[in-house]
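What follows is a set of notes on a single structure, which appears directly below.
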Amino acid sequence: MSIQLESGAPGGPIQDSWDTYRFDTALVNPNNKRRFELLVVGTGLAGAAAAASLAQLGYQVKAFTFHDSPRRAHSIAAQGGINAAKNYKNDGDSVYRLFYDTVKGGDFRARERNVYRLAQVSVNIIDQCVAQGVPFAREYGGLLDNRSFGGAQVSRTFYARGQTGQQLLLGAYSALMEQVAKGTVTLFPKAEMLDVVTKDGRACGIITRNLQTGSIESHSGHAVLLCTGGYSNVFYLSTNAMNCNVTAAWRAHRKGAAFANPCFTQIHPTCIPASDEFQSKLTLMSESLRNDGRIWVPRDPDDKRPARQVPEPERDYFLERRYPAFGNLVPRDIASRAAKREVDSGHGVGQLGNGVYLDFSEAIGRLGEAVVRERYGNLFEMYERITDESPYQTPMRIYPAPHYAMGGLWVDYSLMTTVPGLYALGEANFSDHGANRLGASALMQGLADGYFVIPYTVGSYLSTLLGQAAVPTTDPVFAEARASVTSEVDRWLSTKGTHSVDHYHRELGKIMWENCGMARNRVGLEKAITELPQLREDFRNNVRVLGQNESVNQSLEKVARVDDFFELGELMCRDALHREESCGGHFREEHQTDEGEAKRDDEHFAYVGAWEWSGHGEPQVLHQEPLEFDYVKLTQRSYK
Amino acid sequence: MNVTVRVWRQEDAGSAGRFETHQLDDISADMSFLEMLDVLNERLIEAGREPVAFDSDCREGICGTCGLMINGQAHGPAEATATCQLHMRKFSEGDTITIEPWRAAAFPIMRDLIVDRSPLDAVIEAGGFISADTGGAPDANLIPVPKTVSDAAMDAAACIGCGACVAACPNSAGQLFTSAKLAHLNLVPQGQAQRWERTIDMVETMEAFFGSCTNYGECEKACPKGISIDFIAYMNRDFVKAKMKNRKLIGQKFP
């Protein structure tokens, strides 16, 4: 099988691309819509928005979530906000500027026409959410409030306190539940997708396992939409929720969907460092803290005095020293790497030496405690709850943590993967953020894909299937897929090893974080590529999954996810190894400027690297989609 | 630190449950409560025994997936704190900690500490939405919402749907959850068109699953987001009003 990476975006002026696409696309008439069955996997922002919008159009939709309720998806944890080019602040924002900022922020590794469409529909998202009753922050006059965010010089971020993701998800969830009430969406909670079913090269259904009863079920449809989020949990410790995983996307990859730019992962600079070996996840503290906090470490690595007792001249405010122009406000990737450099050279603080200080004493002196409390009170409280230290008294300790995956399933302009009929939306696809995502853009992309892109684009595929029934679940392709899932379940239950799934997940995470984390180099990546298959072999033979299939069995749920993480991890390392440049979240130590900044190689690497599956244990084959920049000028980012 | 946990074990909704006691040595006081349970599970697995099933996801207090009765208190001893944000330093050396699932007739136990909270979704399905099909919305700033109204709606909308209010209530009432969801939508201008119909639908669905409210106030105390019981009063008032305003229903559906 050979993969063709054609974006399919209409040519001509970029401003007209989306209009042209919508006009040229064949429509499905309302009577025919109800004859099409669509399977939506995942009910986060992208999934819930897509399922609700498609059902409103008249399609028959089945929505699947492995949670007990669609409202638990990890979109709910997004704090900061959502971008939109409304220009309500009259400060010079425009669709073009949002487009420009996003391409540049992504370090020029995203497809221009997709990003332009994202910026265009961003304004509709805010309208839609407000109509649903999302309680965005307001000015006293009753109009919407905005704030500014990293990587932009305008105020275009809409927010609902520190819970924007929660409120947007509840909006999409309520729209979804309305359709469930109307009978246009059938909801399958506690159903985890374990395989994509294909027939004659087209996606025709999925296999799910019911997490309550263990029953392995077939569902058929004319198209399958994967809205299953990102894969940062490959690092074990990340800011993602415990259950976030790559399994749905990975199973699709194994059925022929190319996986694009897997090494583009984002590390968020301000998280609370791990406190012990059993730490299960890392907690993010909003980036806004860097507006008033000063980041430092003691000059002397052996200085073990409490922070307050280290005199001013013996502190190294390393961001202010290295980046006098931007200081503590340099972008995420740069702040993260600088902190890593300090910790690696032994300057780390805290009991485990795994953090740097974020100090508010100067801000408290300058503004008074009351103002600081007003700005950051809820974050300080959250920090104190976790660490038992008050940031009013002693500096916070922070350290970077994996946070978001820019890479994902390759999709064309219509969000279709390389498997006809199989779509990927939201964080699960690779499309809009290039090598680095700007703050407040993840929510925007998930909702854009779900509310405003897929309802149009799916029609262009379905219109070719008019009059055809979905492949019945009695077809042998379903029996075959079900048998393979069942035998996998049996395999894990009969392994009878000695170590828990978490034990192996932690070991996997250590290898990934050390070699494919914030900074990568050839030696480390090659080492990881050798070590991962060995550890995976050990895992497959010695993991212990107790209990049975026919009831709630959380080890059984986890074991398949970790197995897929192993294969993904290896691909991430291969991708990072082949990409001989530094860009955005991907920093190769061999490729940096004299000042230690990322050095892109546009001549050789201005492309999307999409990998084609070639069987277990076989290295995937790389395909390239060249990226053309007709509108945004390629420049080196500088923050000195 | 060293603690003893008495943890509820139950195969499924149909089986009888029991407490199991485990001694846990060398627990770090900096661990979260759920990490303590992770350690317990790790040790159980190493010993060849099935781990304790419990729900959790975001582990930062926002998804509402986790929820345990800890020493008889929903989400444990810390105020306005979800189970996942509770840390072991809130306990003392040598403590015995009793861990149970949410106990309510509406929430059958699925296994060990996991319960089925789907009635909360049923309440939303009944009317917890503003009908606004994708695409037809007017410009967002065409609908001004006074800041005080928007703030009050947000206070209600902060509910994470964990079900602690039901578990804490001696009557297993679902009033705090339902009223928070209802108030969010009934307060804002966008929600007015369906206000009275929504109120009837949500309240009556709630009553089909949950017990009655007798103003104990335990729900507010247990709520990890500090949702105020004032919203219950608001819902009751809207329910009475709805009975008057839904004229088309008077003498018909509700004689």
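Rounded to whole Hz and in sequence order, give me ³J(HN,Hα) for the stretch A:153-163 from the Karplus expression 6.51 cos²θ - 1.76 cosθ + 1.60, θ = phi - 60°, writing x for Gly and Pro.
9, 10, 9, 10, 9, 8, 8, 10, 6, x, 10
Out of the GluC sites (Glu not before Pro) in the stretch A:511-617, which ones are loop residues according to DSSP with at most 14 other C-beta atoms within 10 Å?
On the way: sites: A:Glu514, A:Glu526, A:Glu531, A:Glu537, A:Glu550, A:Glu557, A:Glu567, A:Glu570, A:Glu580, A:Glu581, A:Glu589, A:Glu590, A:Glu595, A:Glu597, A:Glu603, A:Glu612; in loops: A:Glu550, A:Glu580, A:Glu581, A:Glu589, A:Glu590, A:Glu595, A:Glu597.
For GluC sites (Glu not before Pro) across the stretch A:511-617 that sit outside H, G, I, E and B with at most 14 neighbouring Cβ atoms in 10 Å, the list reads A:Glu550, A:Glu580, A:Glu589, A:Glu590, A:Glu595.
For A:Cys204, list long-range residues whose amide hydrogen, built 1.01 Å from N in the peptide plane, is under 5 Å from its own amide hydrogen.
A:Val197, A:Thr198, A:Lys199
Residue-wise, which Karplus ³J(HN,Hα) couplings in Hz belong to the stretch A:132-146, taking 6.51 cos²θ - 1.76 cosθ + 1.60, θ = phi - 60°, and x for glycine or proline?
Listing the rounded values in order: 6, x, 4, x, 4, 4, 10, 7, 5, x, x, 8, 6, 9, 10 Hz.
Going by alpha carbons, how many degrees (0 to 90, nearest 10) lie between the helix axis of A:554-578 and the longest principal axis of chain A?
70 degrees
Local charge sum around A:Leu168 (other residues, Cβ-Cβ under 15 Å, Lys/Arg +1, Asp/Glu -1)? All intermediate terms of the calculation are to be shown ahead of the outcome.
Numbers: positive: A:Arg71, A:Arg72, A:Arg161; negative: A:Asp127, A:Glu427, A:Asp449.
Net charge in that neighbourhood comes out at 0.
Collect residues whose amide H, placed 1.01 Å from N in the peptide plane, falls under 5 Å from the amide H of B:Gly211; neighbours closer than 5 in sequence don't count.
Amide H neighbours of B:Gly211: B:Ala173, B:Gly174.
Please average, across the residues of B:46-58, the number of beta carbons from any other chain that are within 10 Å of each residue's own beta carbon, and give a whole number. Walk me through the numbers on the way to the answer.
Details: counts 5, 0, 4, 1, 6, 8, 1, 6, 1, 7, 5, 13, 13.
That works out to 5 on average.
Mind checking which of B:Asn141, B:Asn215, B:Asn171 has the largest fluctuation in a GNM of chain B, springs on alpha carbons under 10 Å?
Highest fluctuation of the listed residues: B:Asn141.
Just how far, in whole angstrom, is the stretch B:52-74 from the stretch A:367-406 if you go by their alpha carbon centroids?
Using only Cα atoms, the two centres lie 23 Å from each other.
List the extent of the Cα atoms of the stretch A:40-92 along each of their three principal axes, largest first, rounded to whole Å.
43, 28, 11
How big is the dipole moment of the stretch B:3-111 about its Cα centre under a simple scheme where the beta carbon of each Lys and Arg is +1, that of each Asp and Glu is -1, and everything else is neutral? Debye, nearest 20, please.
Numbers: 10 positive and 18 negative charges, 78 e Å.
Roughly 380 debye for the stretch B:3-111.
Compute the acute angle (0 to 90°) between the alpha-carbon long axis of helix B:33-46 and the principal axis of greatest extent of the alpha-carbon atoms of chain B; round to the nearest 10°.
The angle comes out at about 50 degrees.
Select from B:Arg89, B:Arg111, B:Arg49 the residue whose mean-square fluctuation is largest in a Gaussian network model of chain B (Cα-Cα springs shorter than 10 Å).
B:Arg49
At 0.36 nm per residue, and after removing the present C-alpha to C-alpha distance, how many nm does the segment from B:Leu142 to B:Glu79 gain when stretched out fully? Write out the running numbers ahead of the final one.
On the way: separation 63, 0.36 × 63 = 22.68 nm, distance 3.96 nm.
Value of the extension gain: 18.7 nm.
Counting helices only, and only those DSSP H runs with n ≥ 4, report the 222 nm mean residue ellipticity of chain A as the sum of -39,500 (n - 2.57) divided by its residues, in deg cm²/dmol to the nearest 500.
Working: 18 runs with 226 residues, N = 640.
The helix contribution divided over chain A gives -11000 deg cm²/dmol.
Check which residues have an amide H placed less than 5 Å from A:Arg138's amide H, if you skip close sequence neighbours.
The answer is A:Asp145.
For A:67-80, what's the mean count of beta carbons from other chains sitting within 10 Å of each residue's beta carbon? Intermediate values should be presented prior to the final figure.
On the way: counts 4, 13, 9, 2, 8, 9, 3, 4, 1, 9, 7, 1, 2, 0.
Mean number of neighbouring Cβ atoms from other chains: 5.
Mind checking which aspartates and glutamates have their Cα closer than 14 Å to the Cα of B:Lys147? Skip sequence neighbours fewer than 8 apart in that chain.
Candidates past the 8-residue exclusion: A:Glu139, A:Asp145, B:Asp155.
Could you give each residue of the stretch B:127-137 its phi-based ³J(HN,Hα) in whole Hz, using Karplus coefficients 6.51, -1.76, 1.60 with θ = phi - 60°, and x for Gly or Pro?
Karplus-based 3J(HN,Hα) across the stretch B:127-137 equals x, x, 8, 10, 6, 8, 4, 4, x, x, 6 Hz.
Treating each Cα of the protein assembly as shown as an identical point scatterer and ignoring solvent, apply the Debye formula and state log10 I(q)/I(0) at q = 0.05, 0.07, 0.10 Å⁻¹.
Debye curve over Cα of the protein assembly as shown, log10 I(q)/I(0) at q = 0.05, 0.07, 0.10 Å⁻¹: -0.26, -0.52, -1.17.
Compute the angle between helix A:522-542 and the longest alpha-carbon principal axis of chain A, please, reported from 0 to 90 degrees and rounded to the nearest 10.
It works out to around 60 degrees.
Mean separation of Cα pairs under 8 Å and 6+ residues apart, divided by the residue count of chain A: what relative contact order is that in percent? Show your work: numbers first, answer last.
On the way: 1369 pairs, mean separation 129.1, N = 640.
Once normalised by length, the contact order is 20 percent.
At what distance in nm do the modelled label points of A:Arg308 and A:Leu329 sit from each other, each positioned 7 Å from its Cα along Cα→Cβ?
It is 3.0 nm.
Which is farthest toward the positive dipole end of the stretch B:3-111 among B:Ser15, B:Thr4, B:Gly64, measuring Cα position about the Cα centre, with Cβ charges +1 (Lys, Arg) and -1 (Asp, Glu)?
Highest projection toward the positive end goes to B:Ser15.
Over all residues in B:25-37, what is the mean tally of Cβ atoms on other chains that come within 10 Å of each residue's Cβ? List each step's numbers first, then the result.
Values: counts 0, 0, 2, 5, 2, 9, 5, 8, 0, 3, 6, 1, 1.
Other-chain Cβ atoms within 10 Å of each residue's Cβ, averaged: 3.
Short version: what are the Cα gyration tensor semi-axes of the stretch A:510-625, square root of 5 times each eigenvalue, largest first, in whole Å?
Three semi-axes, in Å: 33, 16, 12.
When only DSSP loop residues count, what GluC sites (Glu not before Pro) in the stretch B:53-154 have their Cβ near at most 12 other Cβ atoms within 10 Å? Walk me through the intermediate numbers first.
Working: sites: B:Glu60, B:Glu79, B:Glu93, B:Glu125; in loops: B:Glu60, B:Glu79, B:Glu93.
Loop-located and lightly packed - B:Glu79, B:Glu93.
Under 16 Å from the Cα of B:Lys181, which lysines turn up, not counting those fewer than eight places away in the same chain?
Cross-link targets: B:Lys225.
What is the stretch A:486-602's relative contact order, in percent, from Cα pairs under 8 angstrom and six or more apart in sequence?
On the way: 144 pairs, mean separation 37.4, N = 117.
Reported relative contact order: 32 percent.
Excluding A:Gln266 itself, what net charge comes from residues whose Cβ is under 11 Å from its Cβ, given Lys and Arg +1 and Asp and Glu -1?
Values: positive: A:Arg332, A:Arg437; negative: A:Asp333, A:Glu427.
Taking every other residue near A:Gln266 into account, the sum is 0.
For A:Lys599, go through the lysines and keep the ones whose alpha-carbon is under 21 Å away, minus same-chain ones fewer than eight residues off.
A:Lys104, A:Lys340, A:Lys633, A:Lys640
Each value in this text was obtained by applying a stated rule to the coordinates, not by laboratory testing. For clarity, every value in this text was computed on a predicted model and none was experimentally measured. Counting neighbours? That spans all protein chains shown, and the Cβs are built from the backbone with ideal geometry, glycine included.
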